[in-house]
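Visitor: Dropping a structure here in structure tokens format, bear with me for questions.
The values are calculated or read from the model by the stated rules, or taken from the named source; none is laboratory data. Only a predicted model underlies this, so the values are computations on that prediction, with no experimental measurement involved. Cβ placement follows ideal geometry from the backbone for every residue including glycine, while neighbour counts extend to all protein chains displayed.
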Amino acid sequence: MHRTRAYRDGSLVGEDFALDDVSDYLESDDCMIWVDFVSPTQADLDKVGEEMNLHELAIEDALEHGQRPKLDRYEKFLFAVMYDVDFDPESGDLATREVKAFITRRAMVTIHDESFDISLVTKTWDDNRDLAQKGVAFLVWGLLDRIVDRHYDTADALDDAIDGLEENLFDLKQQTMEIQRRSFALRKSLVTLRRVVNPMREILNTLLRRDDTQFAPDMGPYFQDVYDHVLRVIEQTDSLRDLVSTILDTNLSIQSNRMNLVMKKVTSWAGIIAVPTAITGFFGQNVPFPGYSHEWGFALSSVSIVAISVVLYASFKKRDWL
């Protein structure tokens with residue numbers, strides 16, 4: 001499955017045409033094209049590679065999954081690997097989608113699976129039609145802007161999720177294991193987000209170089225805006241990762257403090273209960289002693305139990321052990 005577009009002098013002149021027509025459009029110097037593949041086969045990429053003179057090593061990389069985000073420079077084109085992200089606030093999990101692109105002087109080919117919504121990118125292009133005359137840089141900017149915006153939104157969503165975690169941290173009714181589980185899930189998502197966002201800085205740096213003749217110089221401010229968003233996301237993920245680590249440590253400390261409080265209460269009640277046990281045990285001896293078999297002995301033991309227990313309870317309560 002594929003989609004195509006052709007622009008001439010900043011205007012859309014063709015859409016969803018056959019791959020065989022790509023070379024026909026490229027014969028015109030004032031025309032640029034975009035080809036989008038959803039889970040392409042080797043034959044698909046070989047065909048477009050012949051039309052656009054792409055290197056076989058780059059085509060091999062395009063078919064290989066799980067590559068790190070990067071921007072490789074070839075003699076006549078660039079090859080980029082990026083990741084779109086999708087955050088689930090309920091589970092705290094972060095899903096990534098690999099997006100690859102071949103970028104030539106007058107064409108861009110994007111490759112992804114069906115989970116990536118390419119219509120968001122085309123909407124960015126349609127909303128900024130006045131920039132289409134800038135050349136293929138316009139297509140590249142639209143793709144990067146949409147992906148980085150998703151990173152930006154995901155970082156804000158993670159921030160909100162961590163804020164909610166902080167609010168529940170000191171809730172006595174909150175399940176400790178649930179906070180622990182969600183903290184680890186959010187931390188894992190932050191690590192994943194940081195892993196796909198950090199290389200975007202190098203990709204934007206390469207595209208912002210003034211000696212790169214494949215891009216119009218007046219598109220620099222637009223790429224710079226995307227670059228600023230990347231820096232903000234990187235800074236935010238770093239601070240949020242430290243915050244999640246603090247929440248994990250704080251949760252363990254609270255759990256330990258609660259355990260100490262429980263142990264103090266149990267120990268205090270055990271000390272109070274030991275008093276009647278000791279006194280009744282003494283007066284229950286089967287040998288004669290003062291008060292043995294007399295009513296005043298029973299009264300003495302009962303008063304001793306109550307008096308000593310009250311003294312211990314008051315002492316423990318004063319020390320905040322009960």
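Visitor: If I ask for residues that are aliphatic (A, V, I, L, M) and either closer than 30 Å to Ala132 by Cα or free of Cβ contacts under 8 Å to residues at least 12 places away in the same chain (or both), which ones from segment 228-251 would you list?
Guide: Val230, Leu231, Val233, Ile234
Visitor: List, please: which pairs have Cβ atoms under 7 Å, are six or more places apart or on different chains, and start with a residue in segment 215-227 that is within 16 Å of Asp130 (Cβ to Cβ) and end with one that is among the basic types (Lys, Arg) and at pLDDT 85 or above?
Guide: Short answer, once both residue conditions are applied: Ala216/Lys134; Asp218/Lys134; Met219/Lys134.
Visitor: If you check Val35 against the conditions, is it without any contact (Cβ under 8 Å) to a residue 40 or more places away in the chain and either under 24 Å from Asp145 (Cβ atoms) or assigned to a loop (DSSP other than H, G, I, E, B) (or both)?
Guide: no
Visitor: Taking the options Ile305, Ile234, Ile254, name whichever one is modelled with pLDDT under 80, closer than 26 Å to Gly164 by Cβ and either of a type in the set (Val, Ile, Thr) or not in a helix (DSSP H, G or I) (or both).
Guide: Ile254
Visitor: Taking segment 21-32 on its own, how many of its residues are modelled with pLDDT of 85 or more and in a loop (DSSP other than H, G, I, E, B)?
Guide: Residues flagged as modelled with pLDDT of 85 or more and in a loop (DSSP other than H, G, I, E, B) within segment 21-32 amount to 0.
Visitor: Name the residue, out of Ala161, Ala80, Ala155, that is touching a strand residue (DSSP E or B) at 6+ places or on another chain (Cβ under 6 Å), of a type in the set (Gly, Ala, Ser) and assigned by TED's automatic domain parsing to the domain that holds Glu51.
Guide: Exactly one of Ala161, Ala80, Ala155 is touching a strand residue (DSSP E or B) at 6+ places or on another chain (Cβ under 6 Å), of a type in the set (Gly, Ala, Ser) and assigned by TED's automatic domain parsing to the domain that holds Glu51, namely Ala80.
Visitor: Moving on to the next point. Report yes if some residue within segment 87-107 is touching a Pro at 6+ places or on another chain (Cβ under 8 Å), among the hydrophobic types (A, V, I, L, M, F, W, C) and within 25 Å of Leu208 (Cβ to Cβ); otherwise report no.
Guide: no
One line per residue, one yes/no per condition, for (1) free of Cβ contacts under 8 Å to residues at least 60 places away in the same chain; (2) under 20 Å from Met1 (Cα atoms):
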| residue | (1), (2) |
| --- | --- |
| Pro89 | no, no |
| Leu94 | no, no |
| Arg97 | yes, yes |
| Met108 | no, yes |
| Glu114 | no, yes |
| Asp117 | yes, yes |
| Leu120 | yes, yes |
| Asp127 | yes, no |
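Visitor: With respect to Thr206, is the statement that it is in the same structural domain as Phe79 (by TED's automatic domain parsing), among the polar types (S, T, N, Q) and either touching an Asp or Glu at 6+ places or on another chain (Cβ under 9 Å) or outside any helix (DSSP H, G or I) (or both) true?
Guide: Yes; evaluated as a whole, the condition is true for this residue.
Visitor: For segment 120-155, how many residues meet the condition of being within 28 Å of the chain's Cα centre (by Cα) and farther than 23 Å from Phe79 by Cβ?
Guide: Of the residues in segment 120-155, 5 are within 28 Å of the chain's Cα centre (by Cα) and farther than 23 Å from Phe79 by Cβ.
To keep it simple, each residue is scored yes or no on (1) in a helix (DSSP H, G or I); (2) at pLDDT 90 or above; (3) loosely packed, with under 15 Cβ neighbours inside 10 Å.
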site	(1), (2), (3)
Ile111	no, yes, no
Thr122	yes, yes, no
Phe138	yes, yes, no
Val148	yes, yes, no
Lys173	no, no, yes
Met177	yes, no, yes
Arg182	yes, no, no
Ala185	yes, no, no
Ser189	yes, yes, no
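Visitor: Only residues that are under 21 Å from Leu204 (Cβ atoms), surrounded by 14 or more Cβ atoms within 10 Å (Cβ to Cβ), at pLDDT 85 or above and not hydrophobic (A, V, I, L, M, F, W, C): list them for segment 39-73, please.
Guide: Across segment 39-73, the qualifying residues are Pro69, Lys70, Asp72.
Visitor: So, one more: Mind telling me which of the residues Phe77, Phe17 ends up being under 25 Å from Trp125 (Cα atoms), buried (at least 19 other Cβ atoms within 10 Å of the Cβ) and either over 26 Å from the mean Cα position of the chain (by Cα) or of a type outside the set (Gly, Ala, Ser) (or both)?
Guide: The unique qualifying residue is Phe77.
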